[in-house]
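Student: Please read through the structure below; I'll follow up with questions.
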Amino acid sequence: MHTDTTFTNEVINLHLLPKYEHIQLNRPHRDYWKIICINLTIFFGLLGILLSMLLFFVDELKPNAKWMIPLYLVLLVSFFLLFRLSFKKRGYAIRTHDVIYKSGIIAESTTIVPLNRIQHIELNEGLFSRMYKLGSLQLFTAGGQTGHIHISGIAIDEAKRIRDLLLNKLEQLETPTTALNTNE
């Protein structure tokens with residue numbers, strides 16, 4: 001039995017493909033910057049206490065205070081500036097067939113995950129996030145760790161709506177429509 005199937009392998013014109021760079025991305029909620037500042041303040045506060053204790057109790061380190069304290073201050077300012085720039089570069093979009101997440105300052109990263117690759121979704125609320133009614137969505141993919149998306153700084157009501165929307169879309173993808181066979 002010979003079936004006549006025509007094999008085609010056409011070249012795709014890359015200039016005709018839609019550009020993800022032109023997508024309007026949703027930014028993290030402005031209160032998320034406050035949470036970042038709280039976390040950085042706690043980290044550098046503890047680091048400052050540790051550094052102070054070392055300089056106070058370890059006599060061998062006292063001569064090094066002239067470069068340790070300025071280094072601490074440079075790190076503090078640098079981290080706040082880097083996190084601020086990073087905060088301004090983050091964005092996400094939920095589209096019909098995929099989710100886009102963009103982040104990074106030095107090495108900019110854009111992750112596009114097709115909805116049919118999403119395995120499950122987590123909605124997280126940390127201690128400080130709850131204070132500002134914010135949450136984060138974590139999308140786990142079939143592609144392993146590299147395909148996961150973690151979107152922080154979303155208003156909790158919006159995060160719940162996105163989670164429910166994605167779960168509904170996933171259910172639609174999992175439930176194939178079966179055509180009735182009327183030729184029995």
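Student: What are the ³J(HN,Hα) couplings of the range 70-77, residue after residue, when phi is run through the Karplus curve with 6.51, -1.76, 1.60 and θ = phi - 60°? Round to Hz, x for glycine and proline.
Tutor: x, 4, 4, 5, 5, 4, 4, 5
Student: Using helices alone, what [θ] at 222 nm do you get for the chain, with -39,500 (n - 2.57) per DSSP H run of 4 or more residues, divided over all residues and rounded to the nearest 500?
Tutor: Helices in the chain give a 222 nm mean residue ellipticity of -14000 deg cm²/dmol.
Student: Loop by DSSP (not H, G, I, E, B), at most 14 other beta-carbon atoms within 10 Å: where is the longest site-free stretch of the chain for trypsin sites (Lys or Arg not before Pro)?
Tutor: With a cap of 14 other Cβ atoms within 10 Å, the longest stretch comes to 31-94.
Student: Using the Cα centre of the range 48-145 as the reference point, and only Cβ charges (+1 on K/R, -1 on D/E), how large is the resulting charge dipole? Debye, rounded to the nearest 20.
Tutor: Numbers: 11 positive and 6 negative charges, 81 e Å.
I would put it at about 380 debye.
Student: On to the next question. For the chain, what relative contact order do you get, as a whole percent, if you take Cα pairs closer than 8 Å and at least 6 residues apart?
Tutor: Relative contact order of the chain: 17 percent.
Student: Taking amide H positions as placed 1.01 Å from N in the peptide plane, with prolines and chain starts having none, which residues 5 or more places from residue 148, or on another chain, fall under 5 Å of its amide H?
Tutor: HN-HN under 5 Å from residue 148: 141.
Student: Taking the Cα centre of the chain as origin and charging only Cβ (+1 Lys, Arg; -1 Asp, Glu), how large is the dipole, in debye to the nearest 20?
Tutor: So the magnitude is around 1000 debye.
Student: Give, as a single signed number, the net charge of other residues whose beta carbon lies under 13 Å from the beta carbon of residue 121, with Lys and Arg counted +1 and Asp and Glu -1.
Tutor: Working: positive: 117, 160, 161, 163, 169; negative: 122, 164, 171.
Every neighbour counted, the sum reads +2.
Student: Continuing with this model, one more query. With a Förster radius of 25 Å, plug the Cβ-Cβ distance of residue 16 and residue 98 into 1/(1 + (r/R0)^6) and report the FRET value to the nearest 0.05.
Tutor: That pair, residue 16 with residue 98, gives E of 0.85.
Student: If you line up the long axis of helix 156-174 against the longest principal axis of the chain, both from Cα atoms, how many degrees apart are they, to the nearest 10?
Tutor: With rounding to tens, the tilt is 30 degrees.
Student: Could I ask something else about it? With every protein chain kept in the model, how would you rank 74, 113 by accessible area, 1.4 Å probe, largest at the top?
Tutor: Final ranking, largest accessible area leading: 74, 113.
Student: Using a 1.4 angstrom probe and counting only protein chains, how large is the accessible area of residue 131 in Å², to 10?
Tutor: Roll a 1.4 Å probe over it and residue 131 shows about 120 Å².
Student: Separate question: Averaging over every viewing direction, what projected area does the convex hull of the Cα atoms of the range 38-144 cover, in nm²?
Tutor: Details: hull surface 39.1 nm².
If you wrap the Cα atoms of the range 38-144 in a convex hull and average its projections, you get 9.8 nm².
Student: Here's something else I'd like to know. Please work out which option in (i) 20.6; (ii) 17.8; (iii) 16.5 gives Kirkwood radius over Cα pairs in Å calculated from these coordinates, and answer with its label.
Tutor: (i)
Student: Round to the nearest 10 and report in Å² the accessible area of residue 67, as given by a 1.4 Å probe over the protein chains' heavy atoms.
Tutor: The accessible area of residue 67 comes to roughly 130 Å².
The values are calculated or read from the model by the stated rules, or taken from the named source; none is laboratory data. Note that the coordinates shown come from a computational prediction; the quantities given were computed from them, not determined experimentally. Cβ sites come from the backbone with ideal geometry, for glycine too, and all protein chains shown count toward neighbours. What goes into the accessible areas is simple: the full protein's heavy atoms, side chains included, and nothing from ligands, DNA or RNA. Shrake-Rupley method; radii C 1.70, N 1.55, O 1.52, S 1.80 Å.
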